[in-house]
Amino acid sequence: MINIKIILLIPLVLLIIFFLPRLRNKTFYRLSLIGVSAVGIVFVLFPGLTDQLAHLVGVGRGADLVTYIFIVFFFMAGIILYSKIRKLEADQTELIRKITLQRAEKLNQP
């Protein structure tokens, strides 16, 4: 029987191995990736720690605390991604307008 800790640690380690090189010049994202992975590894290796933290902040179980944290994390990630998509759409619209105006000027020239 495979230990659940191994099953949970493998994706966390693979996350660091595969995505850290892709974030070469993005220090904030690299540190965030390392931090989230490190916290995940610590929680997997020491599950009693999540229970202690949960009782400290007034949550019944450690699993509930981790669930609540990730709900907030994914909500924030969704807002950040939404704002980036909106910025990309605005940049794309501006670029298309400039290209259209340039082409219109070329067509109007004798």
Condition broken by ILE16, with the remaining ones in (1) within 20 Å of PHE73 (Cα to Cα); (2) surrounded by fewer than 15 Cβ atoms within 10 Å (Cβ to Cβ) satisfied: (2)
Whichever residue in the range 47-77 is outside any helix (DSSP H, G or I) and surrounded by 12 or more Cβ atoms within 10 Å (Cβ to Cβ) and, among such residues, is modelled with the lowest pLDDT: VAL59
Could you list, in sequence order, all residues of the range 20-36 that are over 11 Å from the mean Cα position of the chain (by Cα) and either part of a loop (DSSP other than H, G, I, E, B) or surrounded by 13 or more Cβ atoms within 10 Å (Cβ to Cβ) (or both)? LEU20, LEU23, ARG24, ASN25, LYS26, ILE34
For a quick check of your reading of the model, give me the residue pairs whose first member lies in the range 25-41 and is of a type in the set (A, V, I, L, M), whose second is not in a helix (DSSP H, G or I), with beta-carbon atoms closer than 8 Å and at least 6 apart or on different chains. LEU33/LEU20; ILE34/LEU20
Restricting the range 7-19 to residues that are more than 17 Å from PHE43 (Cα to Cα) and more than 14 Å from the chain's Cα centre (by Cα), the one modelled with the lowest pLDDT turns out to be PHE18
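The values are calculated or read from the model by the stated rules, or taken from the named source; none is laboratory data. This is a predicted model, so every value here is computed, not measured. Reconstructed Cβ throughout: ideal geometry from the backbone, glycine too, with neighbour counts over all protein chains shown.
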